[in-house]
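The values are calculated or read from the model by the stated rules, or taken from the named source; none is laboratory data. From a predicted model like this one, the values you see are computed outputs, not experimental measurements. Here the Cβ positions follow ideal geometry from the backbone for every residue, glycine too, while neighbour counts run over all protein chains shown.
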Amino acid sequence: MSMRETAIAALHGRLQTALATRNPAPLVLRGETVPQRLPPGGLVVIRDGETVEETAILSPLAWAIEHRAAIEVTVTGATPAARTALLDALLVDIAVAVTTDRTLGGAVEWAQPGAPEFEDVEVEGAAAARAASVPVTLFFTVAGSPLA
């Protein structure tokens, strides 16, 4: 398993564990298609994202990698206030989950959540939904090739 895969799997596992305590708990997926119906606790989808920067470290040869994953959060509710409250609560819980263990159990050297971007979306079977995308930057070092 590559370091990138290990880092994203650790992020997914961390969010699954941290958000499972919510009532109702959101559905936490990784790189999957959004289901037709949103669960009452919301939907959290982790996307692999992109490598932002690779810096060579010489003697011994290694690469410092900065990879940005995206966490998409979608909620539904009867009123705009209910949607906003649920989305805000989930975003706070995600930030706390990442910042409580910045190494994601030793999978990365540092994890840094970024500022969310918001949008209103239409979901089949829901009157309205609110969504946000949160970038999480993962910093790690790879010995040898950056593709490892």
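Applying the criterion of being free of Cβ contacts under 8 Å to residues at least 24 places away in the same chain and not hydrophobic (A, V, I, L, M, F, W, C) to the residues of segment 52-76, the residue that is farthest from ASN23 (Cα to Cα) is SER59. Selection of first residues in segment 125-143 that are farther than 23 Å from MET1 by Cβ and at pLDDT below 90 and of second residues that are surrounded by 16 or more Cβ atoms within 10 Å (Cβ to Cβ) and charged (D, E, K, R), restricted to Cβ pairs under 6 Å at least 6 apart or on distinct chains, gives the following pairs, ordered by first then second residue: ARG130/ARG83. Checked against (1) touching a residue at least 40 places away in the same chain (Cβ under 8 Å); (2) assigned to a strand (DSSP E or B), THR84 passes all but condition (2). Quick check: is even one residue across segment 55-64 at pLDDT 90 or above, in contact with a Leu (Cβ under 7 Å, 6 or more places away or on another chain) and surrounded by 14 or more Cβ atoms within 10 Å (Cβ to Cβ)? No: zero hits.
Within segment 1-18, residues that are at negative phi have Cβ atoms under 9 Å from residues that are among the hydroxyl-bearing types (Ser, Thr, Tyr) in these pairs: MET3/THR141; ARG4/THR51; ALA10/THR103; ARG14/THR100; ALA18/THR100, counting only partners at least 6 apart in sequence or on another chain. Filter segment 65-124 for residues that are surrounded by fewer than 20 Cβ atoms within 10 Å (Cβ to Cβ) and among the hydroxyl-bearing types (Ser, Thr, Tyr); which is farthest from the chain's Cα centre (by Cα)? Only one residue tops the list, namely THR79. Exactly one residue out of GLY105, GLY49 is more than 19 Å from PRO26 (Cβ to Cβ), in a loop (DSSP other than H, G, I, E, B) and in contact (Cβ under 8 Å) with a residue 60 or more places away in the chain, and it is GLY105.
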